Amino acid sequence: MPIAPHITNYLLAAIIVLLLATVATLAWRLMQAVRRRRVLERSVEELQMKLMEKEKRGTDGDEKGEDSVQTSESEEIALSKQDEVPDNVFVTHVDQLITRNIAKSEFTASTIAQVMHLSRPQLDRRMKQLTQKTTTAYLMDRRMTHARELLLTTDMPIAEVAIACGFDDTSYFTRVFKQHYESTPSGMRS
C-alpha cells in the first residue's frame, strides 16, 4: 500500500529538521572544543612563561634546576652579542641548544630566542636568512630527523620515540611525522 504524499512530505521535513539539529549540535560542540583548546593553550603559555621566569631566577640563586635549558658560561657570553656572532657559529649554537633540549616538549622557538637574548622576530629573521626556514620549522625538522634516526636505529616503541623527540601526544607525533616523511613512524621501520 503506497504512502500518502502528504505523509512523505512530513517525513522528509522531519528528517531535514533532525539533520539540521544534528549539524547545529555538532557545530556547537566543535565551537566549545575550540574554546576549551584556546583556554588550555593560554594556560600552557602562562605556565611556560612562569617556568622560564623561574629558570631565569634559578632555584638557589645561581644554580639552575635540572629541567632548565642548558647553556654553558662560554655560550652565554657568545650569545649575549648575537649581531657579532658569525653565521655558522650562530646556527651551531642553535643546533647545540636543540640537541641538548630536544626531548623537552616545552622547548620552543620562543625558548631559543630567550636563551639567545633575542626577540622572537629577530631570531626568526636570522634563521630564515641562514637556513631558509623559520625557527619553529627548523626545530621541527630537527625533531623529525631525530625521530627518524631513532626509528631506524633502535627498537624503541613509537610512544617512547615521540617522548624522546619532545612530543607528549603520540597521535600528534604520528601526524607530523607522516606530513614530514609521507610515511607513518611504523611504516618507516618496515
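Data for the structure
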| quantity | calculated |
| --- | --- |
| Cα-centred dipole magnitude for the stretch 100-190, charges only on beta-carbon of K, R (+1) and D, E (-1), debye, nearest 20 | 440 debye |
| Counted charge near Ser119, where neighbours are those whose Cβ lies closer than 12 Å (Asp, Glu -1; Lys, Arg +1) | +2 |
| Overall dimensions of the stretch 73-189 by Cα: Rg and Dmax, Å | 15.2, 45 |
| Chain lengthening between Glu45 and Leu30 when straightened (0.36 nm per residue, less Cα-Cα) | 3.2 nm |
| Least to most buried among Tyr10, Tyr138 (fewest other Cβ within 10 Å first) | Tyr10, Tyr138 |
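Computed from the coordinates by the stated procedures, all read-outs in this text should not be read as laboratory data. Just so we're clear, the structure is a prediction, and the values are computed from it rather than from any experiment. FYI the Cβ positions are ideal-geometry reconstructions off the backbone, even for glycines, and counts take in every protein chain you see.
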